Amino acid sequence: MILKWLIFGAIVYAIYILFFKDKGILSNSNRSSKRDDSDSEEMIECCECGTFVATKEAFIKNGKFYCSKECMNK
Ligand SMILES: [Zn+2]
């Protein structure tokens, strides 16, 4: 009797974990990617060397974007 319950419990637990994990991973990744999009960390191309940088980290001079001060001062 106890063995039956253990096997039954293990199977139910395994199915529950598989189902829960799949759902959790999918929903979490979707949520995180959506959050990243909503944060809108846009990437822009450096006018000098073509490197893509986040707008937050970019340097702006005369309306043009640069990846670093070195590129900006060229
Ligand atoms: Zn650059």
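For the list (1) modelled with pLDDT of 75 or more; (2) more than 10 Å from the ligand (Cβ to nearest atom); (3) within 18 Å of the chain's Cα centre (by Cα), I need the number of the one condition that Ser38 fails.
All conditions pass for Ser38, except number (1).
Could you list, in sequence order, all residues of region 52-68 that are assigned to a loop (DSSP other than H, G, I, E, B) and near the ligand (Cβ under 10 Å from one of its atoms)?
Correct list: Ala58, Cys67, Ser68.
The values are calculated or read from the model by the stated rules, or taken from the named source; none is laboratory data. In this text the structure is predicted, and so the values were computed from the model without any measurement. Cβ sites come from the backbone with ideal geometry, for glycine too, and all protein chains shown count toward neighbours.
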